[in-house]
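Report on the structure given below.
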Amino acid sequence: MIRVLIVDDHAVVRFGLKSLIELYDNFEVVGECARGEDVLPLTKATRPDVVVMDIRMPGMNGIEACQEVVANVPETKVIMLTSYGDDEAVYASIMAGAMGYILKKTDSAKLVEAIERVAAGESLLDPQVTFKVLSQMKNIAAGKQSGKALTEMEKKVLLLIAEGKTNKQIAEEIFLAEKTVRNYVSKIFLKLNLSNRAAAAAYVSKKSPGFFIKS
């Protein structure tokens, strides 16, 4: 029996996924939620084999929720399910530890197969996004940055991350909404090929002070 947790901020999508999955005798939907903030507590409570999660949600997004699950419940695998196949979302999902990235327009039978394969320990990607991820991984292997320059605000946020400040503390210091800071953090990590806050701090320590001074 494959235990599945469904995460999507749209009730209709959750209902559709639950109805589809429960058509198969070897699946059990052990829970569902609409917010990224609820994913880790519910994962700990239900111990699913696979979390099928939307990437774009208000508040904590799917990428951040995925990072929490991977760090705290490593035996649970995550599949990102989204309407978008853009480079940034693909790369960020894989860097967050997702085992699969499936577009919502994917055929239902292929989605079920994807859940089965991820539950069995396989890593997979939708064929339409495979090339994008491979290209990004080649850049990482070559030690290259994404080539996208940080804005002055992103540099400011990066410095505060390096100081060990939380998103909430950063938001209070630079007078932004916490959700806005989360978005900045995600963009910074993507641009610099960073996987976590410790990597961000290491990146700052290697840069010369002039990098953070506006020219």
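Is it the case that MET1 is open to solvent by 60 Å² or more (accessible area, probe 1.4 Å), in contact with a strand residue (DSSP E or B) (Cβ under 7 Å, 6 or more places away or on another chain), over 24 Å from ASN167 (Cβ atoms) and among the aliphatic types (A, V, I, L, M)?
Here the answer is yes, as MET1 does meet what is asked.
Tell me, which helices (runs of 4 or more DSSP H) wholly within the range 136-213 include 2 or more residues that are of a type outside the set (Ser, Thr, Tyr), open to solvent by 30 Å² or more (accessible area, probe 1.4 Å) and modelled with pLDDT under 80?
Those helices (runs of 4 or more DSSP H) span 197-206.
Which residue, of ARG47, ARG35, is within 24 Å of PRO74 (Cβ to Cβ), in contact (Cβ under 8 Å) with a residue 40 or more places away in the chain and surrounded by fewer than 19 Cβ atoms within 10 Å (Cβ to Cβ)?
The unique qualifying residue is ARG47.
Under the condition of being outside any helix (DSSP H, G or I) and either farther than 9 Å from MET99 by Cβ or open to solvent by 70 Å² or more (accessible area, probe 1.4 Å) (or both), which residue from the range 110-132 is modelled with the highest pLDDT? Before you say what the answer is, go through the steps one by one.
Our first condition is that a residue be outside any helix (DSSP H, G or I); within the range 110-132, this holds for 120-126.
When the remaining residues are screened for being either farther than 9 Å from MET99 by Cβ or open to solvent by 70 Å² or more (accessible area, probe 1.4 Å) (or both), the result is 120, 122-123, 125-126.
Details: ALA120: 93, GLU122: 87, SER123: 79, LEU125: 66, ASP126: 58.
That would be ALA120.
The values are calculated or read from the model by the stated rules, or taken from the named source; none is laboratory data. The model shown is predicted, which means the values in this text are computed figures rather than measured ones. Don't worry about glycine lacking a Cβ; one is built from the backbone with ideal geometry, like all the others, and counts go over all protein chains shown. Keep in mind that these areas ignore ligands, DNA and RNA; they rest on the heavy atoms of the full protein, side chains included. Shrake-Rupley method; radii C 1.70, N 1.55, O 1.52, S 1.80 Å.
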